[in-house]
1. Kindly indicate whether any position in the stretch 340-355 is over 19 Å from the mean Cα position of the chain (by Cα) and among the polar types (S, T, N, Q).
2. Among the residues in the stretch 166-177, are any surrounded by fewer than 24 Cβ atoms within 10 Å (Cβ to Cβ), closer than 16 Å to V77 by Cα and touching a residue at least 12 places away in the same chain (Cβ under 8 Å)?
3. Hey, among the residues in the stretch 91-107 that are touching a Lys or Arg at 6+ places or on another chain (Cβ under 9 Å) and open to solvent by 10 Å² or more (accessible area, probe 1.4 Å), which one's nearest to V131 (Cα to Cα)?
4. Counting only residues that are open to solvent by 10 Å² or more (accessible area, probe 1.4 Å), out of contact with any Gly (no Cβ under 8 Å at 6 or more places or on another chain), more than 19 Å from E115 (Cα to Cα) and assigned to a helix (DSSP H, G or I), how many does the stretch 178-212 have?
5. Within the stretch 3-11, can one find any residue that is part of a helix (DSSP H, G or I) and open to solvent by 30 Å² or more (accessible area, probe 1.4 Å)?
6. Within the group G240, G264, which residue is surrounded by fewer than 19 Cβ atoms within 10 Å (Cβ to Cβ), within 30 Å of V45 (Cα to Cα), of a type outside the set (A, V, I, L, M) and touching a residue at least 12 places away in the same chain (Cβ under 8 Å)?
7. From the list V372, V313, V326, exactly one residue is out of contact with any Gly (no Cβ under 9 Å at 6 or more places or on another chain), open to solvent by less than 40 Å² (accessible area, probe 1.4 Å) and of a type outside the set (G, A, S). Which is it?
8. Just for the stretch 244-276: of the residues that are in a helix (DSSP H, G or I) and in contact with a helix residue (DSSP H, G or I) (Cβ under 8 Å, 6 or more places away or on another chain), which one is farthest from E71 (Cα to Cα)?
Amino acid sequence: FQMFRRVPVTLVRGRGTRVWDDQGREYLDFVQGIAVNVLGHAHPVVADAVRRQAEELIHTSNLVYTTPQLELAALLVEHSCLDRVFFCNSGAEANEGAIKLARRYGRERLNGAYEIICTVNGFHGRTLATVTATGTEKYRLPFAPLPEGFVHVPFDDVAAIQAATTPRTCAVLLEPVQGEGGVNVPAPDYLRRVRQWCDQHGLLLILDEVQTGVGRTGTLWAYEQAGAEPDVMTLAKGLGGGVPIGAVLAREHVAAHFYPGDHGTTFGGNPLATRAGYAVLQYVIQQDLPARARELGAYLMQRLRGLEDRHAVIRGVRGVGLLVAVELRTDAAEEVARRCLERGLLVNNLKPDLLRFTPPLTVSREEIDRAVEILDAALGDAPPK
């Protein structure tokens, strides 16, 4: 199936921020599997963990416990505000689990409430339920009729959430920063005010930290910057450092509404994935990579903003930590990304007028400087139309 608009390059090897194609050409990778490889390519911590675990135990089932699963769950609970963990394989699966949990909670605690308030331009996955929760019509409309129970309101608009709340509402589902929607950063008090509203009305606050979690935004979890703790949090992407894994975390009183048999997974939480996740998360915490993301993210945005006077096509730069976007005044992002590729830089043309930068948390200042130099050259004296 031709389901992806692939960049015309075949990668065969990676190390840190760099990758090589089948022709031996080297690139700086500022996509990193779409914010997945938080430690970069082929980091020894990930490679060693996977190799050792593959030699011991790759898969059992969730009919038994395994040590890597228990260790990663304990580490997540210790370093978050949540109490229970369910492992799965992807961000979409994590959000599916969170949606089911919210409906179960609403059924038992909120007189059968089942509606979840989501946001325009939010992105939560490609399964039928998560694509319905996603706030972009082009992803939803081809698959109608869609499941009921999802209400969409503008992002960064507390009043809209308040107006959309009814006796049918059981939860609010948000990304702390909208990733696929355009690296949209809300007002500093947005999540705190949403948290207050949820508390007043007994609603669950579900934070989708699939893209923002594991240090990407400058703290281990993005909610820490907002002063708003979730009732449920979903993770994936960076948690495995390249190995597929997802997780649903919940407070004890919320998780208690899932009973044995309500949800399940064959591969989720297997020893290989959870060993990789444990190695990645432990390294991120011990090396304080969120602080590094905060520092180098500010440096990246500073360097990118330095191009604004040179290139009128740049409308602005925004982001938090090492989740950064450059917005253009024209629909030239695909052409600019192609020019960057020719010069040895992989960058994501997220929208027709938007470039997204998600380098690893281990990126160096020198690599950032080189990436900005390449973008500068790609924009050129004659900006793309």
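1. no
2. The answer is no, given that none of the residues of the stretch 166-177 is surrounded by fewer than 24 Cβ atoms within 10 Å (Cβ to Cβ), closer than 16 Å to V77 by Cα and touching a residue at least 12 places away in the same chain (Cβ under 8 Å).
3. The residue in question is A92.
4. Here the count works out to 1.
5. Taking every residue of the stretch 3-11 in turn, none turns out to be part of a helix (DSSP H, G or I) and open to solvent by 30 Å² or more (accessible area, probe 1.4 Å).
6. Being surrounded by fewer than 19 Cβ atoms within 10 Å (Cβ to Cβ), within 30 Å of V45 (Cα to Cα), of a type outside the set (A, V, I, L, M) and touching a residue at least 12 places away in the same chain (Cβ under 8 Å) holds for just one of G240, G264, which is G264.
7. Unique residue meeting the criteria: V313.
8. Taking the candidates together, the pick is V254.
The values are calculated or read from the model by the stated rules, or taken from the named source; none is laboratory data. Given the structure is predicted, the values throughout are model-derived calculations rather than measurements. Note that each Cβ is placed from the backbone with ideal geometry, even for glycine, and that neighbours are counted across all protein chains shown. To get the accessible areas, we keep the full protein, side chains included, count just its heavy atoms, and leave off ligands, DNA and RNA. Shrake-Rupley method; radii C 1.70, N 1.55, O 1.52, S 1.80 Å.
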